[in-house]
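This report refers to the structure that appears directly beneath it.
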Amino acid sequence: MANFFSNLFNRQSQSVLGIDIGSSSIKMVQLSRKGGHPVLETYGELALGPYTGKGAGEATSLSQEKIIEAVNDMLREKEVNITTKLCGIAIPFASSLMVVIDMPMATKTQLDQMIPIEARKYVPVPISEVTLDWYTIPKDKNADGSAPNDKNQPTSKIEVLLVALHNDTINQYKDIVTKSSLDASFFEIEIFSTMRSVLDQEVNPALIIDMGATTTKLYIVERGILRSSHMINRGSQNITNELSKSLGISLEDAEYLKREKGIPGQINGIEVKEVMTITLNYIFSQANQVVLAYQKKYNKNVSKVLLVGGGSALKGIVDVAQNNFQTEVVAGDPFGKVVAPAFLEKVLKDTGPEFAVAVGVALRRLQELG
């Protein structure tokens with residue numbers, strides 16, 4: 001079932017839609033602009049488990065036809081009341097390859113010729129089967145504008161973020177757009193959507209932990225630039241599985257318990273918190289290793305940890321994370337970048353981490369309208 005909520009404002013300007021198709025649900029956020037500010041019109045979430053006979057919250061591997069069916073169901077959902085087809089769509093991080101590579105100092109024209117050749121070392125399929133994109137990561141500068149003496153980065157080298165998307169993936173999303181009658185102006189890898197929605201003008205490196213149903217993505221971002229990415233093959237569904245086994249209850253009941261109670265103490269004499277934090281502590285331990293590797297390579301400390309994704313909406317998760325990191329931990333607040341009714345403030349703050357990608361996509365689509 002989709003979320004509730006529609007018709008927050010009388011719509012005066014053109015509306016846009018941000019679409020995030022995940023492994024366990026589809027999320028959509030509709031925005032418009034009023035007085036120069038992005039305004040939230042409606043948002044919703046549709047569980048994908050029921051399309052394969054599973055419960056809400058369970059990850060699925062849907063056929064292309066089922067995904068298109070679910071997208072169309074979401075667009076027609078009366079309780080959400082989506083009124084536009086103008087959109088952008090996020091592509092899962094797992095469908096992409098992103099790596100930071102060292103390249104010799106060269107002009108853009110030279111790099112355009114060199115990077116596809118260098119990419120063959122990292123892309124496990126023929127280059128003709130992927131779409132490549134890249135951008136140069138700016139060098140750090142001292143207060144006087146000079147380059148710092150970085151022993152790890154010779155002055156004759158530059159760092160380049162290389163991004164590769166398989167052409168089959170792009171074609172699948174084009175098929176979704178066509179068969180849903182959507183007007184999508186772009187596809188964007190989800191990390192860039194998340195960065196747009198939850199980061200401000202952080203100067204120091206920040207770690208984004210995006211916890212999905214089956215995987216958790218880790219991104220280190222500095223000055224608005226992605227510097228490191230990593231994926232862990234555990235997510236919020238692992239917590240549900242552990243709860244189900246420990247309490248002897250169905251997956252559906254375990255998912256309900258997780259969503260409603262968060263991280264409680266005892267249930268039927270069982271320390272549920274200990275059960276639920278097995279997965280969380282593993283994820284945060286892996287995240288700490290990524291942070292330490294970054295600090296060692298660049299001699300910089302990560303100043304903030306932001307939690308996003310459906311798994312990070314778990315009540316009490318910020319406290320558990322805080323116990324695992326030596327820096328500030330906060331829940332991502334993508335709805336904080338849009339205007340919404342005051343009475344929805346708590347609801348949007350609680351549910352916000354789940355919608356970081358969809359909000360970020362919608363914000364970009366709104367920017368395109370000018």
- Query: What Kirkwood hydrodynamic radius do you get for the chain when you take the inverse of the mean 1/r over all pairs of distinct Cα atoms, in Å?
  - Reply: 21.8
- Item | Under 20 Å from Lys304, Cα to Cα: lysines that are on another chain or at least 8 residues apart | Lys217, Lys296, Lys315, Lys337, Lys349
- Query: lysines near Lys78 by alpha-carbon distance under 19 Å, same-chain residues fewer than 8 away left out - which ones?
  - Reply: Lys27
- When all C-alpha to C-alpha distances in the stretch 168-294 are sorted into bins of 5 Å, what percent of pairs does each bin hold, rounded to whole numbers? 2, 9, 16, 14, 13, 13, 14, 11, 5, 2, 0
- Summing Lys, Arg as +1 and Asp, Glu as -1, what charge do residues with Cβ under 15 Å from the Cβ of Gln322 carry, Gln322 excluded? +1
- Distance in Å, no decimals, from the C-alpha centre of the stretch 247-316 to the one of the stretch 41-80 is 25
- Message: I want the antiparallel fraction of DSSP beta bridges within the stretch 201-332, as a percent rounded to 5.
- Response: 60
- FRET efficiency (Phe343, Glu159; Cβ distance; R0 45 Å; to 0.05) is 0.45
- Query: Among His166, His37, which comes first, then next, by fewest other beta-carbon atoms within 10 Å?
  - Reply: His37, His166
- Message: Please list log₁₀ I(q)/I(0) at q = 0.16, 0.20, 0.23, 0.28 Å⁻¹ for the stretch 15-72, using the Debye equation with identical point scatterers on the alpha-carbon positions.
- Response: -0.54, -0.71, -0.83, -1.07
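Bear in mind these aren't lab numbers, they're just calculated from the coordinates by the rules spelled out. All values reported here derive from a predicted model rather than from experimental measurement. All Cβ positions, even for glycine, are placed from backbone atoms using ideal geometry, and neighbour counts span all protein chains on display.
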